[in-house]
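Read the structure below first, then the notes.
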Amino acid sequence: MSQLYDTRRYLTNFDSRRVPHLFTDVLVIGSGVAGLRAAIEAAEHAPTLLITKGRLSDSNTWAAQGGVAVVTNPADSLDAHIADTITVGCGLCDRSAVEQIVRAGPAAIEELIGWGAKFDRVDGHLARGREGGHSASRIVHARGDATGAEIAKTLIRIARETDGLRLFEDCFAIDLITLDGCCVGAITFHPKYGHQMFWARQTILATGGCGRVYRESTNPEIATGDGRAMAYRAGAVLRDMEMMQFHPTTLYIAGATRALISEAVRGEGAYLVNREGERFMSAYHADAELAPRDVVSRAIVKEMVRTGATCVHLDVRHIGAERFARRFPMISELCHQFDIDVGRSLIPVRPAAHYMVGGVATDLRTRTSVPGLLACGEVACTGLHGANRLASNSLLEGLVLGVEAGRQAIDTLNHGPAFHAAPIQNEMPASPRTELDISDVQNSLRSVMWHNVGMERHGDRLAETRQIIDFWGMYVMDKLFDDRDEWEVQNLLTVARLITASAARRTESRGVHFRTDYPETDDAVWRKRQSVQRGDSGLTFTDTPCAD
Ligand code: FAD
Ligand code: SIN
């Protein structure tokens with residue numbers, strides 16, 4: 001059924017004759033690892049402008065703990081990292097994406113070190129942690145469990161020092177502007193300057209994840225799926241939208257936000273125990289606590305159901321409080337805030353939505369299906385992760401494809417057609433329909449997504465959820481809002497609809513997508529990736545078989 005989700009092109013009314021304009025060669029939207037790296041690369045060669053909706057430091061990148069998966073040990077090999085990524089991806093990885101990104105990893109880390117990033121070392125060599133699904137210890141980390149902040153600080157400093165790069169904070173991208181099917185920039189909102197039009201010859205979307213579509217999430221508040229929703233409205237193809245990854249271990253304290261307890265903690269030897277104090281992971285997988293993330297998350301849920309508990313526990317007592325605090329200073333401090341003495345007590349944990357595998361479909365040069373629009377980082381879907389992301393492969397992807405996006409933007413500028421701004425306006429009449437309480441819709445959406453489109457899905461619940469989202473859409477997608485929070489809810493609804501519809505269509509279980517009514521993997525029918533796009537009569541799906 002066609003919905004306002006599919007027919008509404010812009011979330012805001014505007015008239016280019018009445019809005020301040022800014023012109024740039026390259027516009028980057030987002031200040032995480034992908035956007036910053038892309039902007040630094042592009043600005044070497046052409047005027048570049050980066051906008052971000054909060055502070056430069058507001059990103060999933062800043063929150064990243066475990067580290068970057070990269071081969072830095074002669075005893076390890078790129079082939080092994082490639083093989084691990086493909087195994088964990090459960091048949092849906094694009095081998096060429098995996099090869100390109102993994103092989104570029106060591107140079108990307110060397111570059112960061114050259115720029116001053118301080119990765120942890122042992123005897124002068126890079127320290128390497130272990131995470132689930134990896135056949136070797138290859139996760140490089142910084143300040144113990146503050147890897148993301150170290151990378152982000154380094155990139156922000158370099159970005160500030162880069163001539164030709166302007167950085168705008170508090171600038172919310174409402175929509176991508178398209179003329180004749182090409183992306184020519186974005187319409188934005190700034191609390192002080194109001195609406196602005198950023199005209200760009202090339203636009204790089206690097207808006208990150210959408211974990212906030214779920215009630216239980218490791219993601220900071222910025223992760224509202226704006227980029228996916230904007231790209232959808234602009235006509236871009238999105239891919240693998242059913243593939244939301246759930247992290248097994250977030251701190252479970254009722255009433256507190258769900259803070260991540262890094263997988264690296266299990267890599268250092270922590271056990272998972274159920275409410276009876278028994279280790280249970282070896283009953284589910286030969287690699288026990290270091291099995292791939294989807295396996296561990298589902299095992300935890302099974303144990304919670306089996307024992308009637310609201311969480312399981314991480315046992316780090318044998319590691320010792322002092323050693324634990326040295327290796328994981330942030331997590332240690334977090335536990336301390338809740339009076340958990342990790343030397344004596346167990347840490348209550350349970351899974352939460354963590355990483356969105358699906359996103360705006362791109363090729364390996366970061367090109368989307370919309371000319372003029374590139375995408376990189378978590379907002380994009382290259383096929384690196386398949387049906388399940390190997391731990392710590394996403395910072396790597398952001399670093400490597402950020403560079404690629406910057407280069408691709410410059411190559412297209414040099415060879416592409418000349419660009420002209422043109423008058424453009426969007427005018428939609430105010431809706432007479434009832435106004436819903438938007439924060440109520442947001443909370444209810446996150447709750448229904450958690451229960452019905454979470455780690456376990458069933459066709460009946462997915463169908464019901466689609467109806468609920470379509471119902472809210474009638475009262476939310478028809479409105480003209482003038483506030484970031486409200487636009488974000490419109491984006492969350494749009495993304496939730498894409499996740500739910502894609503999950504309903506994939507009638508099998510694979511990787512992070514588990515259907516209780518189709519618990520088996522069905523390679524004969526479903527060894528393919530789903531793409532979705534807006535069509536004249538609603539969502540249009542296309543399937544692409546996966547090559548071996
Ligand atoms: P982000 O870092 O999320 O940046 C997106 C940017 O876009 C933000 O600046 C945001 O404000 C901006 N933005 C969004 N919407 C708009 C808009 N409408 N207008 C303007 N700006 C906008 N991965 C690993 O590889 N290793 C780890 O150890 C690891 N740990 C993690 C721990 C946590 C708690 C979380 C949440 C994630 C972790 N991940 C980890 C995943 C990884 O951090 C992310 O996948 C990665 O950082 C995404 O980078 P990005 O640049 O694509 O997006
Ligand atoms: C973690 O530290 O457990 C997160 C790693 C990741 O998401 O890749």
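The values are calculated or read from the model by the stated rules, or taken from the named source; none is laboratory data. As the structure is a prediction and not an experimental result, all values here were calculated from the model. Reconstructed Cβ throughout: ideal geometry from the backbone, glycine too, with neighbour counts over all protein chains shown. For the accessible areas, the whole protein counts, side chains as well, though only heavy atoms, and no ligand, DNA or RNA atoms are used. Shrake-Rupley method; radii C 1.70, N 1.55, O 1.52, S 1.80 Å.
Tabulated data for the structure shown
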| read-out | value |
| --- | --- |
| Sequence-separation-based contact order of the chain, relative, with Cα cut under 8 Å and 6+ spacing, percent | 23 percent |
| Rg/Rg_ref, segment 219-300, where Rg_ref = 2.2 N^0.38 Å and atoms are Cα | 1.43 |
| Where only C-alpha atoms are counted, convex hull volume of segment 50-104 per residue in Å³ | 144 Å³ |
| About the Cα centre, charge dipole magnitude for segment 278-357 (Lys/Arg +1, Asp/Glu -1 at Cβ), debye | 100 debye |
| Once the Cα gyration tensor of segment 113-239 is diagonalised, semi-axes √(5λ) in Å | 34, 20, 15 |
| Accessible area of segment 75-148 divided out per residue, in Å², using a probe of 1.4 angstrom | 39 Å² |
| Mean Cβ count within 10 Å, highest first, over the residues of peptides 522-529, 453-460 | 453-460, 522-529 |
| 3J(HN,Hα) from dihedral phi, segment 114-123, Karplus parametrisation 6.51/-1.76/1.60, rounded to Hz, x for glycine, proline | x, 7, x, 5, 9, 7, 5, 10, 10, 6 |
| Which listed pairs, of 479/528; 153/479; 53/118; 53/479, have C-alpha distances above 30 Å, in listed order | 479/528; 153/479 |
| Rg to Rh quotient for segment 1-51, alpha carbon positions, Kirkwood Rh | 1.15 |
| Solvent-accessible surface (1.4 angstrom probe) belonging to residue 546, in square angstrom, nearest 10 | 20 Å² |
| Computed Rg/Rh of the chain, alpha carbon atoms with Kirkwood Rh | 0.95 |
| Among 159-167, 293-301, the order from most to least packed when residues are scored by Cβ within 10 Å on average | 293-301, 159-167 |
| Value at 222 nm in deg cm²/dmol, rounded to 500, when DSSP H runs of n ≥ 4 in the chain each add -39,500 (n - 2.57) | -10500 deg cm²/dmol |
| Relative contact order %, segment 71-146, counting alpha carbon pairs below 8 Å whose residues are six or more apart | 31 percent |
| Sequence of 469, 86, 340 from largest to smallest accessible area, 1.4 Å probe | 86, 340, 469 |
| Sequence of 221, 427, 303 from largest to smallest accessible area, 1.4 Å probe | 427, 221, 303 |
| Of all accessible heavy-atom area on the chain, the percent that carbon and sulfur account for (1.4 Å) | 49 percent |
| Extension gain, residue 485 back to residue 302 (0.36 nm per residue minus Cα-Cα distance, nm) | 62.3 nm |
| Prolate/oblate/rounded call for segment 323-424, Cα gyration tensor, a/c under 1.5 rounded | prolate |
| Segment 157-283, relative contact order in percent, only Cα pairs under 8 angstrom and at least six apart counted | 13 percent |
| Coil-residue chymotrypsin sites (Phe, Trp or Tyr not before Pro) of segment 168-224, DSSP, other Cβ within 10 Å capped at 15 | 193 |
| Ordering of 378-389, 123-134, 201-212, 316-327 by packing [mean C-beta count within 10 Å, highest first] | 201-212, 378-389, 123-134, 316-327 |
| For segment 439-544, the Rg and Dmax computed from alpha carbons only, in angstrom | 14.8, 48 |
| Per residue accessible area of segment 390-548, 1.4 Å probe, in Å² | 44 Å² |
| Whole-Hz couplings from phi, Karplus 6.51/-1.76/1.60, listed for segment 395-405; x for Gly and Pro | 4, 4, 4, x, 5, 6, 7, x, 4, 4, 5 |
| Among beta bridges that DSSP assigns inside the chain, antiparallel share in %, nearest 5 | 70 percent |
| Centre separation in Å (Cα based) which lies between segment 125-183 and segment 4-53 | 17 Å |
| Per residue accessible area in Å² of segment 253-384, where ligands, DNA and RNA are left out and the probe is 1.4 Å | 39 Å² |
| nm² value of the averaged projected area, convex hull over the Cα atoms of segment 171-264 | 8.4 nm² |
